[in-house]
């Protein structure tokens, strides 16, 4: 399930689009946000589908080898440990999932078999593959191999990144998160067909409230940013920095159950990856000054000890 940090990132991305397009309908934007987050489920199915197509390609590859004009002994008796991997068997048992994945395959993988072929060829030439097929079969070894194959040959594949970006510019950010979910479920001997990416209704409310509060208080938060940034014009402050700071204000000022330090640390950390090189220091300094001012004016109201 999606973590609070990942929720913050998805809200950040949606706010960036909202402010860039100068949208004014917050309600419609909230619906787009939820669709944007739930779209992670589609990526989950795409990766599962990729594994299925990889297995199918391997089966066809081994069968084609038997039909060569002058097949070798290896062609006639291929090592099928890969196609008989525990993970592939697990996926094939889930008929409901397979039915659902038919649409994923027909939508794009059928048109991109070249990447399946390239990944498979790279994989069977690798030390990882050749060591794997010589090892004694076990469920643990099968899971470990698929995990390493995902990390080394699929998740970092530039062609796959290009294909995914054509479907959603945000999927590349979601890849590590979705892969972690998939491999975690494999270790539990199951394929989890995500009905929702939220852990619970509280997380869903957190996403919607964070977005709506930041959007609705935008002008007020802009004034605070200008005041605390020594009267810099907003145009001189990166839009992503502005959004992260405004989101932090929303959490600090409107969400009673979240500790101030957690919000501060989260947005400083996110700024390292999604804004400019100097953003960490800028976001940290501005938020630190703002929090002191909020505290002096009794603007921060948190429930429970240690939340401030």
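The values are calculated or read from the model by the stated rules, or taken from the named source; none is laboratory data. Since this is a predicted model, take the numbers as computed values, not measurements. Note that each Cβ is placed from the backbone with ideal geometry, even for glycine, and that neighbours are counted across all protein chains shown.
Could you list all residues from the stretch 294-308 that are loosely packed, with under 14 Cβ neighbours inside 10 Å and either at pLDDT below 90 or assigned to a helix (DSSP H, G or I) (or both)?
Passing the criteria: 295, 296, 301, 303, 304, 305, 306.
Anything in the stretch 5-25 that is in a helix (DSSP H, G or I) and either without any contact (Cβ under 8 Å) to a residue 40 or more places away in the chain or over 19 Å from residue 245 (Cα atoms) (or both)? List them, or say none.
17
Which condition from (1) crowded, with 16+ Cβ neighbours inside 10 Å; (2) modelled with pLDDT of 90 or more; (3) within 22 Å of the chain's Cα centre (by Cα) is the one that residue 215 breaks?
(3)
Mind counting the residues in the stretch 72-88 that are part of a helix (DSSP H, G or I) and surrounded by 13 or more Cβ atoms within 10 Å (Cβ to Cβ)?
The number of residues fulfilling the criteria is 4.
Please verify whether residue 287 is more than 25 Å from the chain's Cα centre (by Cα) and surrounded by 12 or more Cβ atoms within 10 Å (Cβ to Cβ), treating the condition exactly as stated.
Considered against the rule, which asks whether it is more than 25 Å from the chain's Cα centre (by Cα) and surrounded by 12 or more Cβ atoms within 10 Å (Cβ to Cβ), residue 287 comes out as yes.
Within the stretch 255-267, can one find any residue that is assigned to a helix (DSSP H, G or I), free of Cβ contacts under 8 Å to residues at least 12 places away in the same chain and under 19 Å from residue 6 (Cβ atoms)?
Taking every residue of the stretch 255-267 in turn, at least one turns out to be assigned to a helix (DSSP H, G or I), free of Cβ contacts under 8 Å to residues at least 12 places away in the same chain and under 19 Å from residue 6 (Cβ atoms).
Sort out which residues of the stretch 129-176 are in contact (Cβ under 8 Å) with a residue 40 or more places away in the chain, under 18 Å from residue 55 (Cα atoms) and either surrounded by fewer than 14 Cβ atoms within 10 Å (Cβ to Cβ) or out of contact with any helix residue (DSSP H, G or I) (no Cβ under 7 Å at 6 or more places or on another chain) (or both), and write them in order of number.
133, 137
Being under 23 Å from residue 13 (Cα atoms) and surrounded by 12 or more Cβ atoms within 10 Å (Cβ to Cβ) is the requirement here; does residue 278 meet it?
Taking the combined requirement at face value, the residue does not satisfy it.
What is the one condition in (1) in contact (Cβ under 8 Å) with a residue 60 or more places away in the chain; (2) crowded, with 18+ Cβ neighbours inside 10 Å that residue 229 does not satisfy?
Every listed condition holds for residue 229 apart from (1).
Could you say whether any residue in the stretch 177-200 is in a helix (DSSP H, G or I) and farther than 30 Å from residue 49 by Cα?
no
Do we find that residue 289 is in contact with a helix residue (DSSP H, G or I) (Cβ under 6 Å, 6 or more places away or on another chain) and over 30 Å from residue 169 (Cβ atoms) in this structure?
It is true that residue 289 is in contact with a helix residue (DSSP H, G or I) (Cβ under 6 Å, 6 or more places away or on another chain) and over 30 Å from residue 169 (Cβ atoms).
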